[in-house]
Structure formats: C-alpha cells, structure tokens
Amino acid sequence: MKSEDYYNKIAKGYNELYGEEQLRKWNLVKQLVNFSETDIVLDLGCGTGVILPELSKMVRFVFAVDNSIGMLTKAPKLDNVKYILADAEKLPFPDNYFDKVISLTMLQDVRDWDVVLKEIKRVSRGEVVITFLKRNKNASEVKKKIEKYFKIKKFLEEEKDFVFLLS
C-alpha cells in the first residue's frame, strides 16, 4: 500500500492515534530552532497539521505540504497557512525559498531518500529539522544519507525518533 493511501485511510483518527506524539516532537523542535516572525516555513509531511496552530503564531507564513488529501482535509484552517497536496520528491517551490523546513516523521515513508533530501536542501536557505523513526530498519542508512546532504548541527534521540537539526 502506498503511504498516501495508508494516511488517507487513517486520517479520521490520526490525531487521536498520534497527536500527542507529534506535539512532543514539536516541543523538542521549539527548543532546537529559533523561529522568527519574519520566517517563511515549510512543514513537509504536515499530516493533519497538529503543530500548525502554534507554529503559525510564531512565523510569517507556513506552507504545509502532504501527499495525503485525507490528512490535509483534517487540518485546521489558519490565515497564514497554505496547504498543498504534493509529493516530497517534487516540491513546487523555488530554490532557497524557506527560512526553515520541518519534517516530522515523514522521511521513512518516502520512496527515494536521496531525491527527497535533495529537494529539502534545494528549497531551504536556513535550518532544517528532520525526525526519523528509530525502529525503522533503514535508520542507519538514512542517517548516512542525511549527512551526505546536510551539516548536522545537533543530533538527538527521542523516545521513538532520531531528531536532526541541520544546515
């Protein structure tokens, strides 16, 4: 089953299943990243937008991207957030567009890590935060791929995830 089909299927109950976990990750991200009211931010793999009510108050604008229409329809309507149905392998943004990029627990669901990491690198001009499930059998390979494209400023192990602060 493709990841977007899986997430379309679980979208209705996603916040109940994973909302608390996503908010724990968000609290960690807030400690790592200094958001500014002038920032334009990409939330890649935004899902149901659990972190967006708070993030949107901290920055100028958020582009929230997901490949699951089911997840996007559950996201909150916010004035400075634009939701976009798109694939992480082909982001519809110009080079160096985002001050910050956040991608919480999305990378393990993509088909080609190299392509997605190159895309994140292409659209970012500032810090990037990526979380990746520790229990994923490819975790060490993904860490090597991340190191190939980014400088790791900080690496943390959360309960279920590896957390990368990158530049």
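Every number here is computed from the coordinates shown, using simple stated rules; none is lab data. Only a predicted model underlies this, so the values are computations on that prediction, with no experimental measurement involved. Cβ: placed from backbone, ideal geometry, glycine included. Neighbour counts: every protein chain shown.
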Sole exception among (1) surrounded by fewer than 17 Cβ atoms within 10 Å (Cβ to Cβ); (2) under 21 Å from residue 35 (Cβ atoms); (3) of a type in the set (Asp, Glu) for residue 99, by number: (1)
From the options 68, 103, residue that is of a type outside the set (Val, Ile, Thr) and over 20 Å from residue 162 (Cα atoms): 68
Residue among 66, 114, 87 that is surrounded by 16 or more Cβ atoms within 10 Å (Cβ to Cβ) and in contact with a Phe, Trp or Tyr (Cβ under 9 Å, 6 or more places away or on another chain): 66
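Conditions tested, residue by residue: (1) part of a strand (DSSP E or B); (2) touching a strand residue (DSSP E or B) at 6+ places or on another chain (Cβ under 6 Å); (3) of a type outside the set (Asp, Glu).
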residue	(1), (2), (3)
48	no, no, yes
70	no, no, yes
99	yes, yes, no
108	no, yes, yes
Near pairs, Cβ below 6 angstrom, 6+ apart or cross-chain, from the stretch 9-38 (under 21 Å from residue 162 (Cβ atoms)) to any residue that is surrounded by 16 or more Cβ atoms within 10 Å (Cβ to Cβ) and charged (D, E, K, R): 33/127
Options 128, 142; residue that is of a type outside the set (Phe, Trp, Tyr), assigned to a helix (DSSP H, G or I) and either under 20 Å from residue 33 (Cβ atoms) or in contact with a strand residue (DSSP E or B) (Cβ under 6 Å, 6 or more places away or on another chain) (or both): 142
